[in-house]
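J.: Pasting a structure below so you can have a look.
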Amino acid sequence: MFKAFKKVFHSVREYKKYAIITPLFMIGEVLAECLLPFFTAVVGENVISVKTASDFTSTTILSLRLARGVTEGNNNPLFNLTILGIILILIGFAIFSMTCGILAGRFASIASCGFAKNLRNDLYKKIESFSFENIDHFHASSLITRLTTDVTNAQQSFAMMIRIVVRAPLMLIFSAVMAFATGGAMALIFVIAIPVIAIIFFVLARFAMGIFRKVFKRYDALNESVQENVAGMRVVKSFVREQYEDNKFSTASTNLSKDFIKAEKIVALMTPLMNTSIHVVYLLTMYFASLIILETAEMVGGKIAFNGLSIPDMSSLLTYGIQILMSIMMISMIITMLVMSFESIRRIGEVLDEEPTIIDPENPINEVKDGSVIFNNVSFKYNKEAERYSVSNLNINIKSGEFVGIIGSTGSGKSTLVNLISRLYDTTEGEVLVGGHNVKEYGLKPLRDSVAMVLQKNFLFSGTIASNMRWGNKEATDEEIVQAITTAQIPDVLNHYKEGIEHVVEQGGTNFSGGQKQRLCIARAILKKPKILILDDSTSAVDTKTDKLIRRALREDLPDMTKIVIAQRISSIEDADQIIVLDNGEINAIGNHDYLLKNNEIYREVYQSQTQKGGN
């Protein structure tokens with residue numbers, strides 16, 4: 001937990017000065033509040049000591065005794081203050097306390113909001129540095145919860161720590177000191193009450209923390225359900241499964257609610273316990289203080305003399321007692337919030353503490369010479385503890401500028417193979433060479449800048465066509481964008497919309513068809529001008545004629561670019577320089593279309609099934 005705290009609160013950075021100033025103002029506020037009852041008791045004690053109302057009105061200067069046994073004839077300037085002067089001092093303390101409280105609140109807000117901003121940025125940057133293996137370690141829904149709910153809890157916790165966590169203990173200590181100074185042994189009532197209440201709160205907090213840990217796991221499950229349903233809304237509606245998804249979401253929400261209720265039941269006990277403690281201590285103080293006053297007070301020369309505890313002292317003692325108990329209540333609230341935020345801080349710390357499994361080497365190569373790709377005895381598995389490799393014993397030699405096709409059944413390892421080229425994953429065994437060097441020798445940026453991948457599930461960002469295209473090359477001109485779109489065989493987008501490349505793209509590209517999205521993503525990858533272009537079944541939503549035109553354009557317009565195409569349709573790769581047939585994570589055969597058609601049973605069966613030249 002300490003390590004997590006250190007990681008998380010490192011994000012305070014430039015807001016550290018505000019975090020330091022805030023407790024200083026809190027100290028000033030607490031001191032002023034603790035001195036107010038003391039001076040009030042001084043005024044009250046001296047008012048009681050005046051013989052008659054006429055004496056009071058005729059006295060222009062009232063000798064205010066700040067300690068017992070001081071005579072009216074004392075000429076010390078400290079005792080020659082007027083009632084008005086004391087009242088002005090009290091008002092001054094009140095204004096000082098209020099000013100300190102306002103400034104503390106302002107600086108605490110700046111510090112906590114700045115801390116939350118930095119923490120979110122640090123988390124996001126950390127997630128961006130993750131490899132796919134790191135991301136697999138955390139679910140996407142869990143990362144979203146940590147970036148939102150957990151950061152908010154950490155922010156609230158931090159704000160409390162620099163304000164209330166400082167204020168409450170100081171108020172407790174100062175009030176206790178002043179209570180002993182005012183009431184002497186009577187203050188022991190509070191000393192006895194404090195540990196009893198503290199033990200009760202500690203036990204309750206310990207139970208609550210275990211439940212809050214379950215709550216955040218429920219949060220992750222709920223977010224995952226929402227994310228999945230929103231992303232697949234079209235599928236949900238097309239299968240008329242709204243009711244099923246409603247029930248699924250309701251179950252997740254109900255489970256979360258039940259856990260929260262359990263935790264809140266425990267937390268809710270703190271308030272009635274605190275109130276009961278306040279009332280009990282208040283009654284005990286009133287009872288014993290009244291007995292002492294009645295037993296020790298006497299009339300001396302027409303004045304009331306308090307040989308033990310005075311009425312104003314009792315009033316101040318009760319005020320300090322309430323401050324002590326309210327401080328304990330504040331501490332209980334802090335404990336409640338911190339119990340929940342500690343789990344959030346721990347979860348955030350897990351992400352910040354996660355080390356990327358793929359990083360730059362010490363002396364990276366910063367330029368990829370060409371688009372050649374070589375696999376030497378490559379094997380890979382996603383989990384080191386897994387018994388079976390996802391791909392194994394891969395030996396492939398792709399020359400720069402070649403057009404290579406990859407085919408195989410679902411789960412045969414096609415996508416895994418191409419992910420190793422740009423180091424989205426690292427090989428478990430063997431090595432992958434790009435441009436004559438092991439990919440682990442390159443810096444991640446130059447390597448990935450040289451490789452462009454277009455997935456089957458394409459994603460367009462909200463904005464315009466032009467802004468989406470410039471993800472591939474932020475310096476691309478309008479003419480280069482139009483040329484890339486033409487190469488990707490989607491000029492109809494420019495012709496159909498009068499805004500051309502400035503046509504608005506809705507989030508996720510929902511205002512485009514599947515085929516249009518695929519071709520726009522191909523155009524975006526072309527603009528990157530990579531040495532290797534990988535199309536992972538990214539022409540599955542276009543017709544065979546358009547698919548053929550795209551391949552022809554890629555060959556003619558980009559002859560030096562290595563093109564690796566994963567496809568389910570043989571027509572998409574039949575003119576490839578070499579075709580790799582994968583089966584159960586291993587290479588079954590490599591050759592051109594004619595060779596495989598004659599010599600490879602798997603390839604021949606797929607071809608015949610698609611062309612309807614075989615089978616019954």
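The values are calculated or read from the model by the stated rules, or taken from the named source; none is laboratory data. All values derive from a computational prediction rather than experimental measurement. Here Cβ is always computed from backbone atoms with ideal geometry, including for glycine, and neighbour counts include all displayed protein chains.
J.: Would you say LYS440 is more than 26 Å from ASP577 (Cβ to Cβ) and basic (Lys, Arg)?
T.: yes
J.: Under the condition of being among the small types (Gly, Ala, Ser) and farther than 17 Å from THR357 by Cα, which residue from the stretch 413-429 is nearest to the chain's Cα centre (by Cα)?
T.: Of everything passing the filter in the stretch 413-429, SER415 is nearest to the chain's Cα centre (by Cα).
J.: Name the residue that is modelled with the lowest pLDDT, counting only residues in the stretch 232-280 that are within 32 Å of the chain's Cα centre (by Cα) and among the hydroxyl-bearing types (Ser, Thr, Tyr).
T.: Only one residue fits best here, namely THR271.
The rows are residues; the columns are (1) closer than 30 Å to ASN153 by Cα; (2) of a type outside the set (D, E, K, R); (3) at pLDDT below 80.
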residue	(1), (2), (3)
GLY69	no, yes, yes
GLU72	no, no, yes
LEU81	no, yes, yes
GLY85	no, yes, yes
SER97	yes, yes, no
LYS117	yes, no, no
ASP122	yes, no, no
ILE135	yes, yes, no
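J.: To continue, here is another question. Mind telling me which of the residues LEU294, LEU283 ends up being modelled with pLDDT of 70 or more, assigned to a helix (DSSP H, G or I) and outside the structural domain of SER422 (by TED's automatic domain parsing)?
T.: Answer to the selection: LEU283.
J.: List the residue pairs whose Cβ atoms are under 9 Å apart, where the first residue sits in the stretch 237-248 and is surrounded by 11 or more Cβ atoms within 10 Å (Cβ to Cβ), the second is of a type in the set (Val, Ile, Thr) and assigned to a helix (DSSP H, G or I), and the two are 6 or more positions apart or on different chains.
T.: Pairs found: ARG241/VAL235; GLU242/VAL236; TYR244/VAL236; GLU245/VAL236.
J.: So which of ALA576, ALA567 ends up being over 41 Å from the mean Cα position of the chain (by Cα) and among the aliphatic types (A, V, I, L, M)? First the steps, then the outcome.
T.: On the way: ALA567 fails: over 41 Å from the mean Cα position of the chain (by Cα).
Criteria check complete, one pass: ALA576.
J.: Looking at LEU554, LEU597, LEU527, which is the one that is touching a residue at least 60 places away in the same chain (Cβ under 8 Å) and aliphatic (A, V, I, L, M)?
T.: LEU554
J.: A further question follows. It is to be established whether one or more residues within the stretch 539-557 are buried (at least 24 other Cβ atoms within 10 Å of the Cβ), part of a strand (DSSP E or B) and over 34 Å from the mean Cα position of the chain (by Cα).
T.: no
Conditions tested, residue by residue: (1) of a type in the set (A, V, I, L, M); (2) assigned to a helix (DSSP H, G or I); (3) surrounded by fewer than 17 Cβ atoms within 10 Å (Cβ to Cβ).
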| residue | (1), (2), (3) |
| --- | --- |
| ASN468 | no, yes, no |
| TRP471 | no, no, yes |
| LYS474 | no, no, yes |
| GLU479 | no, yes, yes |
| GLN483 | no, yes, yes |
| THR486 | no, yes, yes |
| GLN489 | no, no, no |
| ASN495 | no, yes, yes |
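J.: Another question, then. Return the residues of the stretch 102-131 that are surrounded by 20 or more Cβ atoms within 10 Å (Cβ to Cβ) and within 17 Å of ILE27 (Cα to Cα); say none if nothing qualifies.
T.: Across the stretch 102-131, the qualifying residues are ALA104, PHE107, ALA108.
J.: Picking from ARG146, ARG163, which residue would you name as being among the charged types (D, E, K, R), over 27 Å from ASN419 (Cα atoms), buried (at least 17 other Cβ atoms within 10 Å of the Cβ) and within 13 Å of the chain's Cα centre (by Cα)? Reasoning before the result, please.
T.: Values: ARG163 fails: within 13 Å of the chain's Cα centre (by Cα).
The match here is ARG146.
J.: Exactly one of (1) at pLDDT below 90; (2) outside the structural domain of LYS369 (by TED's automatic domain parsing); (3) over 34 Å from the mean Cα position of the chain (by Cα) is unmet by THR410. Its number?
T.: All conditions are met except number (2).
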